[in-house]
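Before any comments, here is the structure.
Only the coordinates and a few stated rules stand behind these numbers; no lab work does. Quantities reported herein were computed from a predicted structural model and do not represent experimental measurements. We place every Cβ from the backbone using ideal geometry, glycine too, and count neighbours over all the protein chains shown.
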Amino acid sequence: MASYSNRKEDVLKRLRRIEGQVRGLQRLVEEDTYCIDVLTQVSATTRALQSFALQMLDEHMDTCVRTAVADGSSGNGDIKLKEASDAIARLVRS
């Protein structure tokens, strides 16, 4: 089960808002909006996606990783920690 399953509607609502921001960017380009105004909206959309990614990472750490580490016997904790570390590295590089 995904760590966000109990909040799935909230997560989807947030993604729909971000999708709306991307559609807004398309409209700005279609309407030949001033470049700086488009870039301002790109920045806002990027921040929204970054914030969403951090929320997902936080939930993963708080549920999946915590549970795997607490289990301790299967070595699954090390796997989950490595997955989280790799995800953090991808976020930092993006």
Can you pull out the trypsin sites (Lys or Arg not before Pro) in the stretch 1-42 whose DSSP state is coil and whose Cβ has at most 10 other Cβ atoms within 10 Å?
none
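Which FRET efficiency value, to the nearest 0.05, do you get for N76 and N6 by plugging their Cβ-Cβ distance into 1/(1 + (r/R0)^6) with R0 = 25 Å? Kindly include the intermediate steps, with their values, before the conclusion.
Values: r = 21 Å, r/R0 = 0.86.
The computed FRET efficiency comes out at 0.70.
Using just the helices of the chain, give the 222 nm mean residue ellipticity in deg cm²/dmol: DSSP H runs with n ≥ 4 each add -39,500 (n - 2.57), and the total is spread over all residues, rounded to 500. Could the numbers behind the result be given before it?
Details: 4 runs with 73 residues, N = 94.
Computed mean residue ellipticity for the chain: -26500 deg cm²/dmol.
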Magnitude of the Cβ-charge dipole (Lys and Arg +1, Asp and Glu -1) of the chain about the Cα centre, nearest 20 debye, reported as 100 debye
Provide the net charge surrounding D37, with neighbours chosen by a C-beta distance below 15 Å and charges set as Lys +1, Arg +1, Asp -1, Glu -1.
-2
Paired Rg and Dmax values of the chain, which use every Cα atom, in angstrom
17.5, 59
Please work out the FRET efficiency for the pair I88 and S43, using the Cβ-Cβ distance as r and a Förster radius of 30 Å; give the result to the nearest 0.05.
0.85
